[in-house]
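Student: The structure under discussion is supplied below as structure tokens; questions concerning it will follow.
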Amino acid sequence: IRKKMADDNRPMKYARYAIGEILLVVIGILIALQINNWNQQRIQNQSEIKILNELLDNAESDATFYDSRLKYLDEQLYATSILNKLLLNVKNDSISNLEYNGIDIYDASLAFQSTVISNFKNRIEDISNNKIQSILREYSLAYHYLELHYAIKDEMYIKYVQDLKLKYFKIQEQVNEKTTFGEYFKQIDFQKNEHLINFITYSVENSKQRTEDIIKINSELQIKLKTLLTS
């Protein structure tokens with residue numbers, strides 16, 4: 001057709017036809033590029049959904065772990081508060097008969113970890129959602145402070161309470177479900193050691209606060225992830 005137009009000396013029609021061919025080629029290329037982009041986006045979305053599901057699993061695992069740690073810290077603080085009430089004779093009879101339940105106020109070791117930090121600390125940029133990125137950075141900072149406070153707590157226990165733990169080790173081993181706070185109070189000579197026990201209690205309180213902080217951030221992360229994955 002182009003040759004016929006050229007032979008017939010019809011340059012305008014020839015030009016329009018040639019331009020039409022070029023436009024068709026360009027449109028075809030653009031469509032092919034768009035399809036390729038859609039395909040790439042689909043693959044990227046599938047990959048990110050997999051990452052977000054993994055992150056949600058990690059966050060749920062962390063939540064269970066830190067809830068158990070918070071419960072343990074609360075038990076330590078509860079036991080110390082009861083022993084202090086006995087020292088001050090506050091409702092002595094009723095408190096004295098409370099079951100002790102074997103809470104070890106001299107326990108220094110409390111392992112901690114975070115699957116979120118282990119698996120995602122260096123993968124924040126793999127997630128496109130800015131809010132998730134922000135929460136993960138906040139999570140990482142909170143975990144850093146948690147590490148510091150748990151280390152301080154353990155160090156203080158080892159430095160100031162380790163001797164008491166060794167001294168009353170057998171008593172701790174003999175505690176059973178019938179042991180009362182009143183009995184335990186007398187056995188560990190709390191009145192003589194209360195200043196030391198209460199001195200290191202603030203490190204437990206700090207650890208509890210930091211644990212609550214990371215639980216709060218964890219909850220925010222889970223809510224945001226579930227919203228994204230169900231939208």
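Student: Could you check the simple spin-label distance between residue 92 and residue 57, using points 7 Å along Cα→Cβ, in nm with one decimal?
Tutor: 5.8
Student: Counting only the backbone N, which residues of the stretch 100-134 are under 20 Å from the spot 7 Å out from the Cα of residue 171 toward its beta-carbon?
Tutor: Label zone hits: 100-109.
Student: Continuing with the same structure: Please report, for the Cα atoms of the stretch 60-129, the Rg to one decimal and the Dmax as a whole number; what are they, in angstrom?
Tutor: Reported Rg and Dmax, both Å: 19.1, 61.
Student: Okay, moving on. Among the GluC sites (Glu not before Pro) within the stretch 146-177, which fall in a DSSP loop and have no more than 15 other Cβ atoms within 10 Å of their own Cβ?
Tutor: Values: sites: 147, 155, 173, 177; in loops: 177.
Hits after loop and neighbour filter: 177.
Student: Compute the angle between helix 190-230 and the longest alpha-carbon principal axis of the chain, please, reported from 0 to 90 degrees and rounded to the nearest 10.
Tutor: The helix 190-230 is inclined about 20 degrees to the chain.
Student: Taking a threshold of 28 Å on the Cα-Cα distance, which of the pairs 153/216; 71/226; 121/216; 159/216 fall above it? The partial results should precede the final answer.
Tutor: Values: 153/216 21 Å; 71/226 26 Å; 121/216 18 Å; 159/216 31 Å.
Those over the limit are 159/216.
Student: Ignoring any ligand, DNA or RNA, what whole percent of the accessible area of the stretch 103-231 comes from carbon and sulfur when the probe is 1.4 angstrom? Kindly include the intermediate steps, with their values, before the conclusion.
Tutor: Numbers: 3620 of 7310 Å².
Accessible surface attributable to carbon and sulfur in the stretch 103-231 totals 50 percent.
Student: Please determine, in degrees from 0 to 90 and to the nearest 10, the orientation of helix 11-87 with respect to the longest principal axis defined by the Cα atoms of the chain, where the helix direction is its Cα long axis.
Tutor: 0
Student: Suppose only helical runs count, i.e. DSSP H with n ≥ 4. What mean residue ellipticity at 222 nm does that imply for the chain under -39500 (n - 2.57) per run, divided by all residues and rounded to the nearest 500 deg cm²/dmol? Show your work: numbers first, answer last.
Tutor: Values: 9 runs with 185 residues, N = 231.
Theoretical 222 nm ellipticity from helices: -27500 deg cm²/dmol.
Student: Which FRET efficiency value, to the nearest 0.05, is calculated for residue 104 and residue 163 with the Förster distance at 22 angstrom and r the Cβ-Cβ distance?
Tutor: Details: r = 15 Å, r/R0 = 0.68.
Efficiency computed from Cβ-Cβ geometry: 0.90.
Student: Taking θ = phi - 60°, what integer Hz values does the Karplus form 6.51 cos²θ - 1.76 cosθ + 1.60 yield along the stretch 116-133, in sequence order, with x for Gly and Pro?
Tutor: Computed from phi, the couplings for the stretch 116-133 are 4, 5, 4, 9, 10, 4, 9, 10, 4, 6, 6, 9, 7, 6, 5, 5, 4, 4 Hz.
Student: Ranked from the most accessible area to the least, with a 1.4 Å probe and all protein chains present, what is the order of 137, 210?
Tutor: Values: 137 110, 210 70 Å².
Accessible-area ranking of 137, 210, largest first: 137, 210.
Student: Separate question: Given the pairs 170/208; 50/208; 85/178, which span a C-alpha to C-alpha distance of over 23 angstrom in this model?
Tutor: Details: 170/208 28 Å; 50/208 33 Å; 85/178 20 Å.
The answer is 170/208; 50/208.
Student: Can you list residues from other chains, or at least 5 along the same chain, whose modelled amide H is less than 5 Å from the amide H of residue 180?
Tutor: When sequence neighbours closer than 5 places are left aside, the close amide H contacts are 100.
The values are calculated or read from the model by the stated rules, or taken from the named source; none is laboratory data. Note that the structure is a prediction, hence the values are computed from the model and not measured. Here the Cβ is made from the backbone with ideal geometry for all residues, glycine too, and neighbour counts use every protein chain on show. Side chains are part of the model used for accessible areas, which takes the heavy atoms of the whole protein and leaves out ligands, DNA and RNA. Shrake-Rupley method; radii C 1.70, N 1.55, O 1.52, S 1.80 Å.
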